1. Please turn the phi angles of segment B:249-254 into ³J(HN,Hα) values with the Karplus equation 6.51 cos²θ - 1.76 cosθ + 1.60 (θ = phi - 60°), one per residue in order, whole Hz, x for glycine and proline.
2. Karplus couplings for segment A:290-307 from phi (6.51 cos²θ - 1.76 cosθ + 1.60, θ = phi - 60°), rounded to Hz, Gly and Pro as x?
3. Do you know which residues of segment B:167-185 lose at least 50 square angstrom of accessible area in the protein assembly compared with their chain on its own, with a 1.4 angstrom probe?
4. Across peptide B:150-160, how many C-beta atoms of other chains are within 10 Å of each residue C-beta, on average?
5. Between B:Thr180 and B:Ser54, what is the FRET efficiency for a Förster distance of 56 Å, r being their Cβ-Cβ separation, to the nearest 0.05?
6. Can you tell me the FRET efficiency between B:Asp223 and B:Gln253 if r is taken as the Cβ-Cβ distance and R0 is 25 Å, rounded to the nearest 0.05?
7. What gaps in nm, shortest first, separate B:Arg158 from its twins in the other copies when you place the label 7 Å past Cα toward the beta carbon?
8. Anyone know which of B:Asp278, B:Asp82, B:Asp123 comes out most mobile in the 10 Å Cα GNM of chain B?
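The values are calculated or read from the model by the stated rules, or taken from the named source; none is laboratory data. Everything quoted here is computed from the prediction, not taken from an experiment. FYI the Cβ positions are ideal-geometry reconstructions off the backbone, even for glycines, and counts take in every protein chain you see. To get the accessible areas, we keep the full protein, side chains included, count just its heavy atoms, and leave off ligands, DNA and RNA. Shrake-Rupley method; radii C 1.70, N 1.55, O 1.52, S 1.80 Å.
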2 protein chains.
Amino acid sequence: MCGSLLSGGLEREELDSGPWYAGIEAGGSKWRVGVGRSPAVIADDTITTTNPDSTISACVEAIRGMGVPIDGAGIASFGPLDLNPTSHTYGFIKTTPKPGWSNTDVKGRIERELGIPAAIEIDVGGAALGEAWWGAGRGLDSFVYVTVGTGIGAALLRSGRTSHEHGHPEMGHISVERETEDAFAGVCPFHRSCLEGMAAGPAIRARWGVPSTELNDRAEVWDLEARYLAQGLATYAYTLVPQRIIVGGGIMQQPGLLELVRKRLAERINGYGPAPPDVESFVVPPELGQDAGLIGAIALALDRFETTTVRPP
Amino acid sequence: MCGSLLSGGLEREELDSGPWYAGIEAGGSKWRVGVGRSPAVIADDTITTTNPDSTISACVEAIRGMGVPIDGAGIASFGPLDLNPTSHTYGFIKTTPKPGWSNTDVKGRIERELGIPAAIEIDVGGAALGEAWWGAGRGLDSFVYVTVGTGIGAALLRSGRTSHEHGHPEMGHISVERETEDAFAGVCPFHRSCLEGMAAGPAIRARWGVPSTELNDRAEVWDLEARYLAQGLATYAYTLVPQRIIVGGGIMQQPGLLELVRKRLAERINGYGPAPPDVESFVVPPELGQDAGLIGAIALALDRFETTTVRPP
């Protein structure tokens, strides 16, 4: 655990310019915590994820150590989460293969230990909120945020909100048609050859025998990847009818992949249905980069607890 | 065109128990029109679809001929429709292969000729509204209505409303994985092997060489069909997270098919994600049958224009 005050410490008048909110990006391998009220986070820290007790305590300690009075916290957490506000396990991590974390009351423990209200959202939903407030989703009524990395996740934002009273989406697990030349079986433990099973990082590694970072120069790898992702994006366009799809995540760092996805999506859609004809503005990269989760968690807190600031248009 | 007054004529006091609304189910082969304020339509008629002028005039004439004062009309129309209220072609049928119907102002013409306000919705959205008010969607916050027939269409209802400012969904055109034993190429003119291209009526006919009505006893036909439909339903569950999926349409009249779809859906979902474990209550048939479109159009009018009646819970 390494403490840091990015701004180099706050003056008294800066503290008075709040209210301030804590943002918590609760990931499977690390937690990022910070304080702010905009993308310019005034203090942040990173904690390695161990067991729930140690991790949550370290998170609370880090936030307290920032010495900033906070009015509320936003949590963007790995899942599956119970996000039904009427459930008695609202804000809990549900059954997960991650040892020790099943049935952890993340929201309740943060609230009790920090003595402030907390709002909770699934990780990709938090990142989408950040893009809605300060990134590529600004001013849109409806967009999908997709992340392609170790897994594939996506969130739909409508009028600046996610909505999952009845469970959060699992958009990585949709069907895709096997591409003609591809004999790879797929690696999803639940569905084998769903989108995530065919196109997330572990699928690329298993299909080609080496990690994606060693495949940068292999054009056939990325053309195949683009066709699977284009199938996924076409399905999101046809079911959710967003104004835009923001596509990020580690795999999308491959140079040229976004352009290939756009090209293959236009071919797949083939002029039919609600997707706009201008694929360059329909499919875009995120703007907040590596900080999207933390900044999204702060946006979540602002969205729920802030009464004095009007949302950015 | 054949006029009929199902109730055998209305007494004066019945007419006074309104307000009454017109419902118009505008289909590619026929239009059904009726008047009512509940599923018990008090008058209805059927018009063969020809060109826009003749069809809309016959529709208006039929409604006038019912002799009931009406406060508004609901239209559930074939598409594609422009359903963006801020568009200058709101309520128009957009470019369609149906001769003569491209760029037809269905909503505007009905309003002008009947002298009343009209609300318009895509056909499957209208049927979904009917199920929300008086059918299998009663009391639900969120459900998907799917129809499997000549095509495959679906609508998402949330809080009793569809929403498609940015275009209506084309949920039949999502990707599906080819089932192992199936070599059929698919018949969708835009995507060849999307769900509709593999599993709607014309796909069944093309794959097996005879219409689906002659295949009732062929178990392999319906098991394959159920697996494709289950893929579609799983994708709807993972992207839209509905509380229920209502599945109707001509193809679903095949005895035992709904049960097969449920079984294959449970296998496909494989315990993962937001779909409830009880597949019998998650996937259900519609309750309004052949009248769903007409009744849905009346529900649409009630929803938009009725101020005195509270929506059924």
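1. Result, rounded to whole Hz: x, x, 5, 6, 6, 4.
2. 5, 8, 4, x, 5, 5, x, 5, 5, 4, 4, 5, 4, 4, 8, 10, 7, 10
3. Buried on complex formation: B:Glu170, B:Ser175, B:Glu177.
4. On the way: counts 0, 0, 0, 0, 2, 0, 3, 0, 2, 1, 0.
For this peptide, the per-residue mean of nearby foreign Cβ atoms is 1.
5. Numbers: r = 50 Å, r/R0 = 0.88.
That gives a FRET efficiency of 0.70.
6. Using R0 = 25 Å, I get an efficiency of 0.90.
7. 0.3
8. Result: B:Asp278 has the largest fluctuation of those listed.
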